[in-house]
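What follows is a short report on a single structure.
The values are calculated or read from the model by the stated rules, or taken from the named source; none is laboratory data. In this text, all values refer to a predicted model and were calculated from it rather than measured experimentally. Cβ placement follows ideal geometry from the backbone for every residue including glycine, while neighbour counts extend to all protein chains displayed.
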Amino acid sequence: MNQAVNTCITGLNNIGQGFWDYAAGIFIQVSVLIVLLLIIDFLLRKRVRAVFRYCLWMLLFVKLVLPASFTLPTGIGYWLGDYFPSEVSIAKFVPQTEEAVPVAINIPQGYIFLEPPIMNETEATGVELEPIRWQGLVFSGWLVGMLVLLALLVRRICFVRGLIAQSRPANERLLEMLDECRCQIGIRQYIELRLSGNKLSPAVCGLFKPIILMPAILPKKLSREKLKAVLIHELAHIKRGDGWVNLLQTMLQIVYFYNPLVWIANAMVRRVREQAVDEMVLVTLKPETKNYSNMLIDIAEMAFWRPKFSVRLISVVESKKALERRIKHMLNRPVPKSSKLGCLGLIAIVVIGAILLPMGSNSMAEAANTQKNSRRNSETKTIVPGVRVGDYTFGMSEDDVLKSLGKPKVIFYGEERYTLGNLPRKYYMHFGDVSFLIVDDSVKEITALSPSYKFANGLGVGDSEQKIKEVFGDDFQIEETKWKDFLTYKDKGLMFEINKRDRTVVEINVSPIESSKSYKNTDLVNKIIVPGMRVGDYTFDMSKDDVLETLGKPKRIFFGDRRYTLDNLPRQYFMHFGDVSFHIVNDSVKGITVLSPSYKLPNGLRVGDSEQKIKQAFGDDFKVEETKWKDFLSYKDEGLMFEIHKQDRTVMEINVSPLPGSESYKKAHIPPTSYINEQGRIVDKTDYPFVNDPKVIGGWKSVDFVREINQFNPSEKSWKGDLHLNHLIFEEGGNIPRSKLTWTKGLVLSDDTASKYIIREIDGSAYMFYEWKSGDYTSRYMKPFYYVLKKVLAENLKYKPMYGKKADIPSTSYINEQGRIVDKIDYPFVNDSKVIGTWKSVDFVREMEEFKDSEKQWEHGESRPYLKELIFLPNGKTTKNWRTWTKGLVFHSGDKTASKYTIKKIKGSTFMFFEWKSGDYTIRYRKPAYYVLKKVSSETVHEPMVGEKAHIPPTSTIDEDGRIVDKIDYPFINDSQLIGTWKSVDFVGEMEQFKVGEKQWKGRGGELYLKELIFLPNGRTFKPWLTWTKGLVFHSGDKTASKYTLKNIEGSTYMFYEWKSGDYTIRHRKPSYYVLKKT
């Protein structure tokens, strides 16, 4: 019900907006015209005949029926169009309902397309009612006023019809006199004359069959000559067609009743019309003109009432004042020779009309305005493919969207509706002309729903499919549905929703592409806050004079409640510059405070963001100081303090304090070929072609680490600690062995950095200065330090690690011909009852001594360690076939490693320190780090650690390793419904959890491990280890029999496929389900 009401309210608001735009424009234009006509009439009233003035006033009615945008080169609007607002597009009068709210559907390309939902009654009742805007109220008031006036008019028409019905035909004498007058004035049409018993002024009524109504008393009171003047006056109205003009005049007055000047103009038209009729009567009577003026006086003295507001009556006398003006006009001016306008008069009226009527702006002015508006809106209304829509970019937060656009019209995902108080992880916010797909509080897609958003080439919503293809080319994909098609340009991040019938664009969906990751403001690096290091270009080694030289005179200098000037500075004070301020002590910057959202942290946070976002980004290691008006959230280790608004809990200021090393901070020079990705990290260009450099080939051993090349002294080491990088070996063809690094002349290349190297001869030895582009460069935009490496024989570095400490290679191990360490793994089994059970990974440390139960050392954000758990079974077995054990050692048969384990009791819990012999050990000869695992159970099988226990079929067994082994030798039974291709769409714990259009699986970034299943006839699939029979799918390797269930949902066929992974076979956990759609 509320949805239907909202549709009506939206329609009323849109019509009201269109009415207001049109009425405001025409109000100004008509008002200007009326004022000009009043001035012209005043200047010409004694110089020209009334018929000319009457025709001049007719221009007003022409104007009222012309569109406000009407223009001619002769018109005043052509040159002064900016001062005369025109009407808006008629499209604004069409109500735009909100039933076409976008809803997500699944398509193979991975995009989320939008289509209208079917609202049911339950959903509709939860829709909040929209308010009626003031434009809608104005339109409603106008409509009511117009209907009231129309009702009065209809009432008056009925009254006049009653007068005619009550009247009686005139006698023969009057009819003969009427015929005589009709011939005299030149009217051939039959005119009926009727006498009324009511006391009204003689008048004409009727349009197609005119009737002259005359009081029955009038022929007895007036002489023949005066009576003849009355009849000629009424016949003059008929000859001039005043009845039709009066109809138009009355109807326009009803429509434009809100303009008081229109009422004044109508009064002027009636006055001038009577004067023009008087002139026609005088020309017709000529020698008997005196009888005419006397007749007017006699009728006025009879005190006949005059009709008001009627299209049916045009009378002789309108009011005594009007009569007085008419008589003066006749007496003061000679009798005109003709009552016609004449050729010169007609030309004059046409010329005046050509000047005054066209008030629309000319096309050149419109082009200029369009150019001006396009310049003004080029940023705010332009779609940049894969990058932004107007001012809205990918990565914006939900708060940014709400701050820019206010409360959304609808929040939804699929058929579910939400409010700002109960937002899910993934949803759409719809704002009328644009909508946003928001995932984890970040904008992932933007959809333009209005033609106001356009590409730089001018295309937008409403344009044809053909135009889109002409401009964007043939590299597209089409997805067809029943009501609309989807035209996708994946490499451009664009999807066009095409109307099925007229093939026009309904919506434009913009998704991010790889290049959009570098779409940042050009001053991002100059506006970045590097915690503990700098704010933009301002660092902690700046002096007071440096600050003044950079920023000029401060807006305010203060400390506490005291104010200072540059001439009387104390030891400690603050300099305030609008968007940033400096805490200066002893002429040196000790703290920098950010007051503007233009400065951002590398993760995008800034002034105006919520306290919750700060805590999510920087963690729980903070301190809060509360005051009456604001709170202070401090991260001492980061050198950050956030001033929090007491009520809305948003960041008001960001205070940055120096950390050790900040005094030597220097900003990096970022090459023009590099960009900053969406995580705020510098990414260098790395796809350079190989160019040989004979000088660099060989081994290079690290000897020092310096800030600047000229700081290096071969006889005195600058770096006091251990060097992380031990050596580099450069081989022919750009290879650097046992690493992911490559090289070309002058550069060492990794996945995202390009580090320069410079070779110099110093004291007879060759030294390399190698740029060290660590996180200080990529994340904190800090000028790289240099590793200094001395050229040595590569053979001496062959079995040494490039980074970190060298591994202690056991005497029982050896290095094979591929250069890999191979440990002895054929040890006899020795039991260790302490190790049997399940161990969960809790940390990853370089040394066992580094582990603290309450403080995690693993520093890779929210990503979990690679090794998640170890399950030790009796007799030297584990749940992995390739991993076995004996007391103190764990063997990997594939990697040929023997890893030590050490078990320790810490604070009442049992922990294992497990040597992690990865490629760092076997290939790079680096000392292994340790996985720290906590014992969570002494049980190894039969009970799942988490989740519901699996129902193990009676036909299944549990082998000696504790693995479930299903029966898989079932006879084949055909199932024709199964044969075909099935695409994975979701992964759910229970079949009932699946909802079309709402994905439940959130892991792995939403990516599903199982992509598809293809079932062939006779129990075969495209995977030789997978076979099937009706109701079951068999895995010959894992020895599992997985049930499948087919269901028809919303017209499509879905399969719910039991996923019997290690959670089932090893951990005995109830399987989850892959949901696959038949394609």
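The residues on offer are Ser634, Ser664, and the sole one that is among the hydroxyl-bearing types (Ser, Thr, Tyr) and at pLDDT below 90 is Ser664. Asn655 fulfils the conditions (1) modelled with pLDDT of 90 or more; (2) within 28 Å of the chain's Cα centre (by Cα) except for a single criterion, (2). Counted as qualifying within segment 476-534 are no strands (runs of 3 or more DSSP E), as none has 1 or more residues that are closer than 30 Å to Tyr781 by Cβ, of a type in the set (D, E, K, R) and at pLDDT below 85. Among residues of segment 556-571 that are more than 14 Å from Asp587 (Cβ to Cβ), those with a beta-carbon under 8 Å from a residue that is of a type in the set (S, T, N, Q) and at pLDDT 90 or above at least six positions away or on a different chain give the pairs Phe559/Gln572.
Candidates are the residues of segment 561-576 that are surrounded by fewer than 19 Cβ atoms within 10 Å (Cβ to Cβ) and touching a Pro at 6+ places or on another chain (Cβ under 7 Å); the one that is farthest from Arg649 (Cα to Cα) is Tyr564. Condition first: under 19 Å from Pro801 (Cβ atoms), part of a loop (DSSP other than H, G, I, E, B) and in contact with a Gly (Cβ under 8 Å, 6 or more places away or on another chain). Can you find one or more residues in segment 704-724 that meet it? So far as segment 704-724 goes, yes, one or more of its residues are under 19 Å from Pro801 (Cβ atoms), part of a loop (DSSP other than H, G, I, E, B) and in contact with a Gly (Cβ under 8 Å, 6 or more places away or on another chain). A residue that is assigned by TED's automatic domain parsing to the domain that holds Thr879 and free of Cβ contacts under 8 Å to residues at least 60 places away in the same chain can be found somewhere in segment 818-825.
The selection criterion, being polar (S, T, N, Q) and in a loop (DSSP other than H, G, I, E, B), does not hold for Thr884. Going by the conditions given, is Thr627 more than 17 Å from Ser779 (Cα to Cα) and in the same structural domain as Arg707 (by TED's automatic domain parsing)? No; evaluated as a whole, the condition is false for this residue. Applying a threshold of 6 Å to beta carbon distances and a minimum spacing of six or more residues, or different chains, the list of pairs starting in segment 474-487 at a residue that is closer than 14 Å to Glu507 by Cα and assigned by TED's automatic domain parsing to the domain that holds Thr447 and ending at one that is of a type outside the set (A, V, I, L, M) and surrounded by fewer than 16 Cβ atoms within 10 Å (Cβ to Cβ) reads Trp483/Lys500; Lys484/Lys500.
Restricting Phe1022, Phe1034 to those that are within 24 Å of Ser976 (Cβ to Cβ), assigned by TED's automatic domain parsing to the domain that holds Ser976 and at pLDDT below 90 reduces the list to Phe1022. As for segment 252-269, it holds no residue that is among the β-branched types (Val, Ile, Thr), modelled with pLDDT under 80 and part of a helix (DSSP H, G or I). Determine if segment 152-168 includes at least one residue that is within 19 Å of Thr284 (Cβ to Cβ) and either in contact with a strand residue (DSSP E or B) (Cβ under 9 Å, 6 or more places away or on another chain) or in a loop (DSSP other than H, G, I, E, B) (or both). There is no residue in segment 152-168 that is within 19 Å of Thr284 (Cβ to Cβ) and either in contact with a strand residue (DSSP E or B) (Cβ under 9 Å, 6 or more places away or on another chain) or in a loop (DSSP other than H, G, I, E, B) (or both).
Here the condition is being loosely packed, with under 12 Cβ neighbours inside 10 Å and closer than 14 Å to Phe987 by Cβ; of Gly1051, Gly1037, Gly1003, it holds for Gly1003 alone.
Hey, does segment 757-777 have a residue that's surrounded by fewer than 17 Cβ atoms within 10 Å (Cβ to Cβ), in contact (Cβ under 8 Å) with a residue 12 or more places away in the chain, under 41 Å from the mean Cα position of the chain (by Cα) and not in a strand (DSSP E or B)? No, segment 757-777 contains no residue that is surrounded by fewer than 17 Cβ atoms within 10 Å (Cβ to Cβ), in contact (Cβ under 8 Å) with a residue 12 or more places away in the chain, under 41 Å from the mean Cα position of the chain (by Cα) and not in a strand (DSSP E or B). Of the residues that sit in segment 42-96 and are charged (D, E, K, R) and touching a Lys or Arg at 6+ places or on another chain (Cβ under 7 Å), which one is modelled with the highest pLDDT? This residue is Arg53. Of all residues being touching a residue at least 12 places away in the same chain (Cβ under 8 Å) and assigned to a helix (DSSP H, G or I) in segment 199-225, which is surrounded by the fewest Cβ atoms within 10 Å (Cβ to Cβ)? Just the residue, please. Step by step, filter segment 199-225, then rank; the result is Arg224. For Phe844, the conditions (1) under 30 Å from Ala617 (Cα atoms); (2) out of contact with any Pro (no Cβ under 7 Å at 6 or more places or on another chain) all hold with the exception of (2). Selection of first residues in segment 1025-1041 that are under 12 Å from Pro971 (Cβ atoms) and of second residues that are of a type in the set (Asp, Glu), restricted to Cβ pairs under 7 Å at least 6 apart or on distinct chains, gives the following pairs, ordered by first then second residue: Lys1030/Asp975. So for segment 869-892 (the condition being surrounded by fewer than 19 Cβ atoms within 10 Å (Cβ to Cβ), under 30 Å from Leu725 (Cβ atoms) and either among the hydrophobic types (A, V, I, L, M, F, W, C) or touching a residue at least 12 places away in the same chain (Cβ under 8 Å) (or both)), does at least one residue qualify? For segment 869-892, residues surrounded by fewer than 19 Cβ atoms within 10 Å (Cβ to Cβ), under 30 Å from Leu725 (Cβ atoms) and either among the hydrophobic types (A, V, I, L, M, F, W, C) or touching a residue at least 12 places away in the same chain (Cβ under 8 Å) (or both): present. Among all positions in segment 595-615, there is no residue which is acidic (Asp, Glu), loosely packed, with under 13 Cβ neighbours inside 10 Å and in a loop (DSSP other than H, G, I, E, B).
Quick check: anything in segment 1070-1079 in contact with a Leu (Cβ under 8 Å, 6 or more places away or on another chain), assigned to a strand (DSSP E or B) and either touching a residue at least 40 places away in the same chain (Cβ under 8 Å) or not small (Gly, Ala, Ser) (or both)? So far as segment 1070-1079 goes, yes, one or more of its residues are in contact with a Leu (Cβ under 8 Å, 6 or more places away or on another chain), assigned to a strand (DSSP E or B) and either touching a residue at least 40 places away in the same chain (Cβ under 8 Å) or not small (Gly, Ala, Ser) (or both).
When Gln612 is tested against (1) touching a residue at least 40 places away in the same chain (Cβ under 8 Å); (2) out of contact with any helix residue (DSSP H, G or I) (no Cβ under 7 Å at 6 or more places or on another chain), only condition (1) is not met.
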